[in-house]
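**Q** Quick one: the structure is below, and I'll ask about it shortly.
The values are calculated or read from the model by the stated rules, or taken from the named source; none is laboratory data. Since the structure is predicted, the reported quantities are computational estimates derived from the model, not experimental observations. Neighbour counts run over all protein chains shown; Cβ positions are idealised from the backbone, glycine included. Heavy atoms of the whole protein, side chains included, go into the accessibility calculation; ligands, DNA and RNA do not. Shrake-Rupley method; radii C 1.70, N 1.55, O 1.52, S 1.80 Å.
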Amino acid sequence: MNTNTILKIENLNVNIKDSNIIKNLNFSINKGEIHAIMGKNGSGKSTLAKTIAGHPKYKIIKGKLIFKNDDITYEEPEMRSHKGIFLGFQHPVEISGVSNIDFLRLAYNSKQKASNQQELDPLSFFQLITKKLESINMDTAFLNRHVNEGFSGGEKKKNEILQMSLLNTELCILDEIDSGLDVEALKNISKNIQNFSNANNAIMIITHYEKLIEYIKPQYVHIMKEGKIVYTGDYKTANLIEREGYDFFLNKNKL
Ligand code: ADP
Ligand code: MG
């Protein structure tokens, strides 16, 4: 395996209950790359994202997930997260009664502990997190509010970006992070995603929204259909989908 490869998926087959949702899917993503995954509703995009994160409902019946040379096919979700996989939610959960800063410190320290690194006391953590907030232009007032409670759509997504930057995520999967955002919020999130992208991490964006692809310009755009990747092109693919619809690609075999 190429030393730049962060995730390699080989011949993946995933069942939900008894139905086979992902079918012989192959995919690989390297350091420094951003890939987008598009496709009609029900084509298996979220199933793929949750399978990579290790959601227990999705059963891998065949194939392998290799994360940086490590076989994680049957690894627990917590371990995957400690190793550097982050899944951002379409609808981030609200947690009443828990302040955002306590939640973030807990997540940070549990990752530090798992990798035998130093945990931070509240004061040192505050210094670290305020730097991260500045880098994404987020107000410190969000630290003392309850996790996502009363946050606008754009603010919730920003909070997800804050988490992934805090946890030094190496593989970041964003499932419809754009849903419910207005144009300004979308531009903002796109900029944050681009700033977060570096030579040592990789980002998978699942989206329906051509505008997001236009702002972020991922190196690859994949189209999923019935649990498979049926087409791979560059960022211009999104514009063609917008004009011609998905079926236009399904008759082509450019891979
Ligand atoms: P996408 O994210 O591309 O819209 P999904 O991965 O959510 O698609 O869904 C893929 C297929 O899996 C769909 O046919 C959907 O009905 C099915 N599916 C998803 N979740 C469940 C579930 N909990 N139980 C049964 N089928 C499911
Ligand atoms: Mg989905």
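**Q** Could you list, in sequence order, the residues of segment 75-89 that are of a type outside the set (Phe, Trp, Tyr) and open to solvent by 60 Å² or more (accessible area, probe 1.4 Å)?
**A** Glu76, Glu78, Met79
**Q** Out of the residues in segment 51-68 meeting the condition of being open to solvent by 10 Å² or more (accessible area, probe 1.4 Å) and touching a residue at least 60 places away in the same chain (Cβ under 8 Å), tell me which one is farthest from ligand 1 (Cβ to nearest atom).
**A** Lys68
**Q** Exactly one condition in (1) within 16 Å of ligand 2 (Cβ to nearest atom); (2) touching a helix residue (DSSP H, G or I) at 6+ places or on another chain (Cβ under 9 Å); (3) of a type in the set (Lys, Arg) is false for Lys228; which is it?
**A** Condition not satisfied by Lys228: (2).
**Q** Quick one: in segment 167-203, of everything that is over 10 Å from Phe86 (Cβ atoms) and in contact with an Asp or Glu (Cβ under 9 Å, 6 or more places away or on another chain), which residue is nearest to ligand 2 (Cβ to nearest atom)?
**A** Among those that are over 10 Å from Phe86 (Cβ atoms) and in contact with an Asp or Glu (Cβ under 9 Å, 6 or more places away or on another chain), it is Ile177.
**Q** Something else: Please determine whether any residue of segment 141-150 is more than 16 Å from ligand 2 (Cβ to nearest atom), out of contact with any Leu (no Cβ under 7 Å at 6 or more places or on another chain) and at pLDDT below 90.
**A** No, segment 141-150 contains no residue that is more than 16 Å from ligand 2 (Cβ to nearest atom), out of contact with any Leu (no Cβ under 7 Å at 6 or more places or on another chain) and at pLDDT below 90.
**Q** May I pose another question? Looking at His146, His208, can you tell me which residue is within 16 Å of ligand 1 (Cβ to nearest atom), at negative phi and either open to solvent by 50 Å² or more (accessible area, probe 1.4 Å) or touching a strand residue (DSSP E or B) at 6+ places or on another chain (Cβ under 9 Å) (or both)?
**A** The unique qualifying residue is His208.
**Q** Residue under question is Leu106, and the condition is that it be within 16 Å of ligand 2 (Cβ to nearest atom), of a type in the set (A, V, I, L, M) and open to solvent by 20 Å² or more (accessible area, probe 1.4 Å); does it hold?
**A** Answer is no for this residue.
**Q** List the residue pairs whose Cβ atoms are under 6 Å apart, where the first residue sits in segment 112-140 and is in contact (Cβ under 8 Å) with a residue 40 or more places away in the chain, the second is surrounded by 13 or more Cβ atoms within 10 Å (Cβ to Cβ), and the two are 6 or more positions apart or on different chains.
**A** Pairs that qualify, where the first residue is in contact (Cβ under 8 Å) with a residue 40 or more places away in the chain and the partner is surrounded by 13 or more Cβ atoms within 10 Å (Cβ to Cβ), are Ile136/Ile161; Ile136/Asn192.
One line per residue, one yes/no per condition, for (1) within 15 Å of the chain's Cα centre (by Cα); (2) over 30 Å from Leu162 (Cα atoms); (3) open to solvent by 30 Å² or more (accessible area, probe 1.4 Å):
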site	(1), (2), (3)
Asn201	yes, no, no
Met204	yes, no, no
Glu214	no, no, yes
Gly227	no, yes, no
Val230	no, yes, yes
Lys236	no, no, yes
Arg243	no, yes, yes
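**Q** Kindly indicate whether any position in segment 22-32 is assigned to a loop (DSSP other than H, G, I, E, B) and either open to solvent by less than 10 Å² (accessible area, probe 1.4 Å) or more than 16 Å from ligand 1 (Cβ to nearest atom) (or both).
**A** Yes, segment 22-32 has at least one match.
**Q** Also, I was wondering about something else. Inside segment 36-113, counting only strands (runs of 3 or more DSSP E) that do not spill past its ends, which hold 3 or more residues that are under 24 Å from Ile16 (Cβ atoms) and of a type in the set (A, V, I, L, M, F, W, C)?
**A** Here the list reads 58-67, 85-88.
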